[in-house]
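Asks: Just dropping this structure here.
The values are calculated or read from the model by the stated rules, or taken from the named source; none is laboratory data. As the structure is a computational prediction, the values presented were derived from the model and not from experiment. Methodologically, a virtual Cβ is constructed for each residue, glycine included, from the backbone with ideal geometry; neighbour enumeration extends over all protein chains shown.
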Amino acid sequence: MSLLEVTDLSCGYGDTRVVFDVSFSVGSGDCLGIIGPNGHGKTTMLRAISGLIPAWGGSVRFEGLEIAGRSPHSISRMGLAHVPQGDMIFPDLTVEDNLFAALHGAGRWSERRRGLSEVYAVFPRLQERRKQLSMTLSGGEKRMLALGRGLVLDAKLLMIDEPSLGLAPRVIQEVYERICHMREHGVAMIIVDESPARLDGVADRLCLIDTGRVIEAGPTAVMLQHEKVLETYLGFSAAESEMDQ
Amino acid sequence: MRSDVVQVLYTAVVLGSTYALMASGLTLIWGGLRFLNLAYGAVFSVGAFAAYWAVASWGLPPLAALPVGFFASAALGAIIHLGIFRPLLKRPDGETSTLVAGLGIALFVQAALVIRFSPRERSLPPLVHGSFDIPGGVVASASAALIVVSAAITLTILSIFLTRSQYGVGIRALANNRNGAELLGIDTGRLVLLVMVLGSGLAGLAGVLLSSFYFVSIAAGFTALVKGLIVTITGGLGNLRGTLIAAYLVGFVESSVSLWLGVRWSLPVLFAGVLILLVVRPRGIAGRISFEGGR
C-alpha cells in the first residue's frame, strides 16, 4: 500500500479549475519530485492535499484513509506535513517559538527539547539565531526555518513547495543539502520545483505537470532525458532536434 | 515633592491601571484574531451586573463576585462567538459583518440590561476597605490600590501565558499566519474560541473590579469599549507592552490636564493627542511592522 495515493484529484480557485484529474502515489521513504512550468497548478495541488483549499473531485488517501475534506491541522497531525510556498513563518515570533509552535503535540519538555536538538543538528544556523525574531532572518534562513518546522513535526510524508524559490544559487545548493540530510531521517517527501535538474540526485521519481495535468511520470534518470521534459523546458522535442541535425 | 504633582501621579496610576484592565481583553482579542469586537463593552457590563446580582440576591461576599463576573462574561463571549461571529467569519464578507454584528449585540445586551436592572446606577460594595497615606499629603484608598495591583497581576499573567505557554505560542502564531499555524497541526478554530472566552472573561473581571470602584452602570460598558479602544490603538494593536504604556500615558494626560487646565479639557486634549500620535506613528507606540507572511 502506498503512503499517499492521489486519484483523479481536481481543484481550483473560484470558478477556475486549475488541477485536472491528477493521479500519483508516493510510497514510504520515497521521494517524488513534481516538476513543471510555474503557474500550472503544482502549488494548488499541494494546497488541496494538505486541506488548505477544498478538493473539487477525486480522492486523496493517506495510509489508506480518505483525507480530502479534513481540516489542515488534522491532516498535519496524521503525519502529512506541508512546507508551503512563501514559508508562512511567524514573523513576530522568535526562531525557537516558531519551532515550539510546531511542537504542540509533544507533551513533556524533554520531548520538546529533543525535537529542537534534532532540528538544530540539521540546521545549525537556526540554533545560532534561536532568540532572534524570525522577521529578521535572511531569505535562506527563513526557508531553513520553514523546513525545520516541517522536520520537527516528525511527519511520515513531507511536502515541500519550491524550496529554491527566491534564493541565490549558493543558498539553493545549501537548502538542498539540508533536504538530503532530512531524508536521512527516513521521511518520505514530495518536492515541487520548477527545475528538474535540481531534483537530480534528490528525488527517486519525477512527475511532470503541465496545464494542471500529469503529462509524464517515471524514474528521475529516465525523466531527465524524456522528450516531454525536454520539450517543456527547452521548447522543442527531442525528435525535432534529431531531424535538425 | 509638591502635593499636586503627587496627586496627578496618583490619579494617573489609578486611571492607567483602570484602562489597562479595560483594554486587556480587547487587546488579546485583537492580537489573536485581528478583528474588532464591538460587543466588548456589553460583555464588560454583563460581568459587572452578574457580580452585582450575585452579591445582591445570593449575598455572596464581594470578593467571590470576581469569579462570577469572569465566568458570566466568558460564557457570554463563547455564546457570541459560536452563535454569531464564527458563522459570519466563514463568509467572504465576514469581517465587515462581525463589526456590524458586534454593534448589534452591544445594543441588544444594553437594552436587555436596562429592562432587567433599570437604567439606575447601582453600586457594588467595595471589595476592600480602608485607606492609607502616601508621601505628599495624598490619601490613597485601598480600593484604588486593589485596582493597581490587579492590573499588574492580570497583565503579568496574560503576558506569561502568551509568551511561555504552548497555547500562548499557538495564539501568537495564529495571529501571524492562520494557515501557517494550521499546517503545523494547530487547531486554530479551538484557539480562536479560547481567545474569545479568555478575552471576554478578562472584560468581565475588569467590569467587576471597576464597578466596585466606580459604579455598576449600563454606560460603563461603553466607556470601557471607547477607552479600551483608545489604549489598544495608541499602544499598537495587539501589543501587550504597548497597551500598558498607552494605558498609563492616557491616565497621565487625563489627570494632569484635569488638574491644571480643568476637567472639561481632559477629553479634547486626549483625543487631539491620539490623533497626532496616529498621524506620526500609525502603528501606535510599540507598533512594529507586522505582516501576514503569505496567505
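Asks: Scan the stretch B:148-169 for residues that are over 16 Å from B:Asn239 (Cα atoms), within 14 Å of another protein chain (Cβ to nearest Cβ) and surrounded by 14 or more Cβ atoms within 10 Å (Cβ to Cβ) and jot them down.
Replies: Listed by number, the residues that qualify are B:Gln166, B:Tyr167.
Asks: Run down A:Ser74, A:Ser59 and say which single residue is more than 17 Å from the chain's Cα centre (by Cα) and without any contact (Cβ under 8 Å) to a residue 40 or more places away in the chain. First the steps, then the outcome.
Replies: Numbers: A:Ser59 fails: without any contact (Cβ under 8 Å) to a residue 40 or more places away in the chain.
Every option except A:Ser74 fails the conditions.
Asks: Quick one: in the stretch A:76-100, which of the residues that are more than 30 Å from A:Glu66 (Cα to Cα) and not in a loop (DSSP other than H, G, I, E, B) is nearest to the other protein chains (Cβ to nearest Cβ)?
Replies: A:Asp97
Asks: Take B:Glu121 and tell me if it is of a type outside the set (S, T, N, Q) and within 14 Å of another protein chain (Cβ to nearest Cβ). Walk me through it before giving the result.
Replies: Working: of a type outside the set (S, T, N, Q): yes; within 14 Å of another protein chain (Cβ to nearest Cβ): no.
Here the answer is no, as B:Glu121 does not meet what is asked.
Asks: Hey, any hits in the stretch B:175-184 for a residue that's buried (at least 22 other Cβ atoms within 10 Å of the Cβ), under 12 Å from the mean Cα position of the chain (by Cα) and not aromatic (Phe, Trp, Tyr)?
Replies: Checked the stretch B:175-184: no residue is buried (at least 22 other Cβ atoms within 10 Å of the Cβ), under 12 Å from the mean Cα position of the chain (by Cα) and not aromatic (Phe, Trp, Tyr).
Asks: Just the residues that are loosely packed, with under 14 Cβ neighbours inside 10 Å and over 20 Å from B:Tyr10 (Cα atoms), please, taken from the stretch B:122-144.
Replies: If the condition is that a residue be loosely packed, with under 14 Cβ neighbours inside 10 Å and over 20 Å from B:Tyr10 (Cα atoms), then B:Ser123, B:Pro125 are the ones that fit.
Asks: Quick one: which of B:Ser200, B:Ser131, B:Ser141 is more than 14 Å from every other protein chain (Cβ to nearest Cβ) and either touching a residue at least 24 places away in the same chain (Cβ under 8 Å) or closer than 23 Å to B:Val43 by Cβ (or both)?
Replies: B:Ser200
Asks: Only residues that are crowded, with 16+ Cβ neighbours inside 10 Å and on the phi > 0 side of the Ramachandran plot: list them for the stretch A:181-217, please.
Replies: Answer for the stretch A:181-217, where residues must be crowded, with 16+ Cβ neighbours inside 10 Å and on the phi > 0 side of the Ramachandran plot: just A:Gly212.
Yes/no per residue for (1) under 20 Å from the mean Cα position of the chain (by Cα); (2) under 17 Å from B:Val192 (Cα atoms):
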site: B:Phe44; (1), (2): yes, no
site: B:Ala50; (1), (2): yes, no
site: B:Ala54; (1), (2): no, no
site: B:Trp58; (1), (2): no, no
site: B:Ala64; (1), (2): no, no
site: B:Phe71; (1), (2): yes, no
site: B:Leu76; (1), (2): yes, yes
site: B:Ile79; (1), (2): yes, yes
site: B:Leu82; (1), (2): no, yes
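Asks: Scanning for something of a type outside the set (A, V, I, L, M, F, W, C), at pLDDT 90 or above and under 17 Å from B:Arg241 (Cβ atoms), does the stretch B:34-41 turn up at least one residue?
Replies: no
Asks: Within the stretch A:167-174, identify whether any single residue is assigned to a loop (DSSP other than H, G, I, E, B) and farther than 23 Å from A:Pro37 by Cα, and answer yes or no.
Replies: Scanning the stretch A:167-174 turns up no residue that is assigned to a loop (DSSP other than H, G, I, E, B) and farther than 23 Å from A:Pro37 by Cα.
Asks: Show the residue pairs meeting these rules: Cβ distance below 9 Å; 6+ apart or different chains; first residue within the stretch B:91-108 and part of a helix (DSSP H, G or I); second residue at pLDDT below 90 and loosely packed, with under 13 Cβ neighbours inside 10 Å.
Replies: These pairs meet every condition: B:Ser97/B:Arg91.
Asks: For A:Thr94, only one of the following conditions fails: (1) under 20 Å from the mean Cα position of the chain (by Cα); (2) surrounded by 17 or more Cβ atoms within 10 Å (Cβ to Cβ). What is its number?
Replies: In the conditions (1) under 20 Å from the mean Cα position of the chain (by Cα); (2) surrounded by 17 or more Cβ atoms within 10 Å (Cβ to Cβ), A:Thr94 misses (1) alone.
Asks: Now for a separate question. Looking only at the stretch A:101-135, how many residues end up being within 11 Å of chain B (Cβ to nearest Cβ), more than 20 Å from A:Ala81 (Cα to Cα) and in a helix (DSSP H, G or I)?
Replies: Final tally of qualifying residues: 3.
Asks: Of the numbered conditions (1) buried (at least 24 other Cβ atoms within 10 Å of the Cβ); (2) without any contact (Cβ under 8 Å) to a residue 12 or more places away in the chain, B:Gly235 satisfies every one except a single condition; which is it?
Replies: In the conditions (1) buried (at least 24 other Cβ atoms within 10 Å of the Cβ); (2) without any contact (Cβ under 8 Å) to a residue 12 or more places away in the chain, B:Gly235 misses (2) alone.
Asks: Still on this structure: Read through the list (1) part of a helix (DSSP H, G or I); (2) over 19 Å from B:Leu194 (Cβ atoms); (3) over 21 Å from the mean Cα position of the chain (by Cα); (4) not aromatic (Phe, Trp, Tyr), then give the number of the only condition that B:Arg86 fails.
Replies: So B:Arg86 meets the others, but not (2).
Asks: Suppose the filter is over 30 Å from A:Leu93 (Cα atoms), surrounded by 24 or more Cβ atoms within 10 Å (Cβ to Cβ) and touching a Phe, Trp or Tyr at 6+ places or on another chain (Cβ under 9 Å); does B:Ser45 pass it?
Replies: It is true that B:Ser45 is over 30 Å from A:Leu93 (Cα atoms), surrounded by 24 or more Cβ atoms within 10 Å (Cβ to Cβ) and touching a Phe, Trp or Tyr at 6+ places or on another chain (Cβ under 9 Å).
Asks: Quick one: which of B:Ser256, B:Ser212 is at pLDDT below 85 and assigned to a helix (DSSP H, G or I)?
Replies: Result: B:Ser212 is the single residue among B:Ser256, B:Ser212 that is at pLDDT below 85 and assigned to a helix (DSSP H, G or I).
Asks: Would you call A:Lys156 within 29 Å of A:Lys42 (Cβ to Cβ), basic (Lys, Arg) and within 12 Å of chain B (Cβ to nearest Cβ)?
Replies: So A:Lys156 fails the test.
Asks: Here's another thing I want to ask about it. So which of A:Leu151, A:Leu158, A:Leu165, A:Leu145 ends up being in contact with a Leu (Cβ under 7 Å, 6 or more places away or on another chain) and either surrounded by 17 or more Cβ atoms within 10 Å (Cβ to Cβ) or under 19 Å from A:His82 (Cα atoms) (or both)?
Replies: Step by step, each of A:Leu151, A:Leu158, A:Leu165, A:Leu145 is checked, and only A:Leu145 is in contact with a Leu (Cβ under 7 Å, 6 or more places away or on another chain) and either surrounded by 17 or more Cβ atoms within 10 Å (Cβ to Cβ) or under 19 Å from A:His82 (Cα atoms) (or both).
Asks: Given the conditions (1) of a type in the set (A, V, I, L, M, F, W, C); (2) at pLDDT below 85; (3) assigned to a strand (DSSP E or B), report the number of the one that A:Leu224 does not fulfil.
Replies: Tallying (1) of a type in the set (A, V, I, L, M, F, W, C); (2) at pLDDT below 85; (3) assigned to a strand (DSSP E or B), A:Leu224 fails exactly one: (3).
Asks: Select from the stretch A:35-70 the residues that are in a loop (DSSP other than H, G, I, E, B), buried (at least 16 other Cβ atoms within 10 Å of the Cβ) and either of a type in the set (Gly, Ala, Ser) or more than 13 Å from chain B (Cβ to nearest Cβ) (or both) and list them in ascending order. Walk me through how you get there before you give the answer.
Replies: Quick first cut of the stretch A:35-70, residues in a loop (DSSP other than H, G, I, E, B) only: A:36-41, A:50-56, A:63-64, A:67-70.
With buried (at least 16 other Cβ atoms within 10 Å of the Cβ) added as a condition, the list becomes A:36, A:40-41, A:50-53, A:55, A:63, A:67-68, A:70.
Across the stretch A:35-70, the qualifying residues are A:Gly36, A:His40, A:Gly41, A:Ser50, A:Gly51, A:Ala55, A:Glu63, A:Ile67, A:Ala68.
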